[in-house]
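Novice: Here it is, the structure in full.
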Amino acid sequence: MVNRGDLPMRARYYQSVADVENLNRGMGYSEMKENYTLFLCPFDLFGRGLPVYTFENTCREAPEIKLNDKTLKVFYNFKRYDMIPDEERKRLLEFFSSGRSASKLTGRLDVILKELRGKQKWRNEYMTWEMMLKERHDDGRDEGRTEGIAIGEKRGRTEGIAIGEKRGRAEGMAAGKIETARNMLKNGLSADLITKCTGISAQQISELL
């Protein structure tokens, strides 16, 4: 009922919540249901004087190409219900605008609304639903953070093992060279020859001697 300027982003959020709700584990993307996000507002969100604004994903370079992702976002300005050509829809928007019931549909809605007004249980159910969405959003964010930590820990362990293996191989090769140099010294070979064969320094050979 109040234009806070965030309705386009809220439409995106509501669509994402509905998609997550309807895409069960193991389902293919082609099984996703059509998604219609409707806003009924007493103001002109886009300031063009239209009673309804309908959005679907199209190609920017070739607007005639539709993405066909089964999504539609519709913003009604029900204060301009008189401009709606479809009679049934016009009467519905008139009902939202003035409360006047002029069709069978709005007559049924009027009865339902009168029953619901003042019922605290219905209001509590609505608030519970909103809180459920918020908690689900927060849980998803926490789950993503936990998964990120787990991936980081796993990656750290993998990298640690790789570094350890590399370091172990290097230390093993160095120890092998020293052992070879020690054996060569025992057999009376010169320090220059040992250096050429093993790559260890003259200082290391001196320490071995």
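The values are calculated or read from the model by the stated rules, or taken from the named source; none is laboratory data. Since the model is a prediction, treat every value here as computed from it, not as a measurement. Methodologically, a virtual Cβ is constructed for each residue, glycine included, from the backbone with ideal geometry; neighbour enumeration extends over all protein chains shown. Note: accessible area is taken over every heavy atom of the protein model, side chains too, but ligands, DNA and RNA are not part of it. Shrake-Rupley method; radii C 1.70, N 1.55, O 1.52, S 1.80 Å.
Novice: Nearest 5 percent is fine: what portion of the DSSP beta bridges confined to the stretch 1-108 is antiparallel? Working shown, then result.
Specialist: Values: 5 of 12 bridges.
Here the antiparallel bridges make up roughly 40 percent for the stretch 1-108.
Novice: Something else: Post the alpha-carbon centroid distance, the stretch 54-120 to the stretch 1-22, in whole angstrom.
Specialist: Distance between centres, Cα-based: 16 Å.
Novice: Compute the distance in nm between two label points, each set 7 Å from the Cα along the Cα-to-Cβ direction, one at Leu208 and one at Ser103.
Specialist: Label-label distance for Leu208 and Ser103, simple model: 9.7 nm.
Novice: Still on this model: Which net charge results for the neighbourhood of Leu185, defined as the other residues with beta-carbon distances under 15 angstrom from its beta-carbon, given Lys and Arg at +1 and Asp and Glu at -1? Please list the in-between numbers first.
Specialist: Working: positive: Lys177, Arg182, Lys186, Lys196; negative: Glu179, Asp192, Glu207.
For residues surrounding Leu185, the net value is +1.
Novice: For Lys114, Lys73, what's the largest-to-smallest order of accessible area, 1.4 Å probe?
Specialist: On the way: Lys114 135, Lys73 40 Å².
I get Lys114, Lys73, largest accessible area first.
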